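Encoded as structure tokens, the structure appears first; notes follow it.
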Amino acid sequence: MAQPKILSVDDSKMIHMVIGRAFKNYNVELSFASNGVEGLAVATRENPDLIILDVTMPVMDGVETLSKLKADPLMKEIPVIMLTAEAGKENVVKIARMGIRDYIIKPFTEQVLLERVGRVLDLQPKGTGEVRNKTLEDAANVLVVDDKPAIIDQVRSAFAETSWRVTSAAQCGEAIDLSSKEVPDVILINLALPEGAAFNFFQMMRANTKTKGVPVFGMSVKTASEEQARAQSIGFNGVITKPLDGSELFYRVCRAMNVDTSSRYFFVENGIQICKMPNNPSQIVATELSNYILPKTREMVDAGLNRLLIDASDVNRIEMTIIKLMLQVVQACRELSIKFRVIGSPDFTGQARAFEETKDLEVFADKESALIGF
Amino acid sequence: MLNLEVEITDGADDAATSPTKLDGVSGSVSFTGKMNGVLYLNLPEGLAKAAANRILGDDPARPPEEINDVVGELTNMVTGNLKSKMADRGFNCALSIPTVMRGVDISVDTLKTSVALNNSIRVPEINETMHICIFARLEE
């Protein structure tokens, strides 16, 4: 199990210190922000597993921050625990309706904080085993509980480029049998199964010590807002709407399992770091790659590598998302004194020249030519 | 969070005299709505430092900014509690973010407020007294 990331957004250094002290004996990665604007920026960058959000803050308060989080498709599923000094019934009802997982009234004790956070995250005391992120090369078992064969096929297709196993069950009873034989790494279940079976199944998984930490996603048609709200309120890790978007499904499942997906974009060949630019990336893919740029470039320098090839040979059409990603890589290279070169098709080169931001980039036709004198 | 025993001194809910004097470190949070006004949480320097050490851990060289932060946050909590109690009685209001001031013999005048209270709360362990001053006007 990887270290869960917790982001604390509060204008009070005191609250940050109290939170830091509460978790000092647990395997968690803490980050801090002093207002909503900073909090959103850190959340975008760090993809936390939980946000502890104060209500009253300067610049952007907790209510506005929460509404922006809920409006962002990449962050709307991040569980939020709100901190408030206002314990009145009206205030509590108001914030509870905003889609938060829980709330804590100030002043609070460290025990209360740990207990509430422990309901959302699997808190592991320090020294209980090595913490390492799963990678795409590791084996994993995705259990899909749905009576629609087409959905099972779509899930299989979303994970086709991994070596993961997708097992399926048409009914919850079968899924419980499968889970007891082999604990799945993630479960996707149709929320519309008859008689609220998905919700009962979820409660059983959470009640079982073996499966209580397994991420469970509900699947639901976009308009079924009632069942989606019910799933969110009882603690599903998220709801994935049908028709399924393969890249969104992949991204969200990987995040829930703390899978390091960097090998899709960064790998080393003959002592040279390659950064592979995806063709026509969705917002989700762009964010995923963007999050890896700084850590992976730092990591390569730390490992003694100083040459990086930006491989855009798969990119057919340049648009702002690709330009932003490339500039981010270029900036990281310049800051870390990494030598870099860009590979792209002649068509790519022509398009790159048409943009102010990329017109001066020298683009090589292939890897062989890029390596000459590099 | 603070784990300090306190005792309300005699004459609780004393009407504040105008102008009220504040010494030490004072946090203030104002409120607007069905109840308008301001709440001051005033702590002598020694008590403010002791409260910060109690919450953040002992540090003999603790910078004043950290003490201010603690006093501001405590003021926010006290005012949040007042707000909740008043909201349940139909006097809802919105709170400002806290501000903190330091000084000796700071004079606070209460203009056009129908409620002016000064509660004194003694902390026997530290042998200091803090004050909670509330100046408010309730809208009908």
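The values are calculated or read from the model by the stated rules, or taken from the named source; none is laboratory data. All values derive from a computational prediction rather than experimental measurement. Every residue, glycine as well, gets a Cβ built from its backbone with ideal geometry; the counts of neighbours run over all protein chains shown.
Return the only residue of A:Ile19, A:Ile52 being at pLDDT 85 or above and either within 22 Å of the chain's Cα centre (by Cα) or away from chain B (no Cβ under 14 Å) (or both). Just a single option satisfies the conditions, and that option is A:Ile52.
Summed over the range A:59-98, residues that are in contact with a helix residue (DSSP H, G or I) (Cβ under 9 Å, 6 or more places away or on another chain) and assigned to a loop (DSSP other than H, G, I, E, B) total 16. Filtered by the rule that a residue be assigned to a strand (DSSP E or B) and of a type in the set (Val, Ile, Thr), the range A:187-228 gives A:Ile187, A:Ile189, A:Val216, A:Val221. For the range B:67-81, the criterion of being surrounded by fewer than 16 Cβ atoms within 10 Å (Cβ to Cβ) and not polar (S, T, N, Q) is met by no residue. Within the range A:339-373, being in contact with a Lys or Arg (Cβ under 6 Å, 6 or more places away or on another chain) and assigned to a loop (DSSP other than H, G, I, E, B) holds for one residue alone: A:Lys359.
Applying a threshold of 6 Å to beta carbon distances and a minimum spacing of six or more residues, or different chains, the list of pairs starting in the range A:1-30 at a residue that is among the aromatic types (Phe, Trp, Tyr) and ending at one that is crowded, with 16+ Cβ neighbours inside 10 Å reads A:Tyr26/A:Leu123. A count restricted to the range B:82-105 and to residues that are assigned to a strand (DSSP E or B) and either more than 8 Å from chain A (Cβ to nearest Cβ) or without any contact (Cβ under 8 Å) to a residue 40 or more places away in the chain (or both) stands at 9. In the range B:5-51, the qualifying residues are those that are at pLDDT below 90 and touching a Lys or Arg at 6+ places or on another chain (Cβ under 6 Å), and the one that is farthest from B:Pro124 (Cα to Cα) is B:Thr9. Taken across the range A:99-122, residues that are modelled with pLDDT under 85, among the aliphatic types (A, V, I, L, M) and within 30 Å of B:Phe91 (Cβ to Cβ) do occur, with at least one present. Evaluate the range A:264-272: report whether one residue or more is under 18 Å from the mean Cα position of the chain (by Cα), modelled with pLDDT of 90 or more and either of a type in the set (Gly, Ala, Ser) or buried (at least 18 other Cβ atoms within 10 Å of the Cβ) (or both). So far as the range A:264-272 goes, yes, one or more of its residues are under 18 Å from the mean Cα position of the chain (by Cα), modelled with pLDDT of 90 or more and either of a type in the set (Gly, Ala, Ser) or buried (at least 18 other Cβ atoms within 10 Å of the Cβ) (or both).
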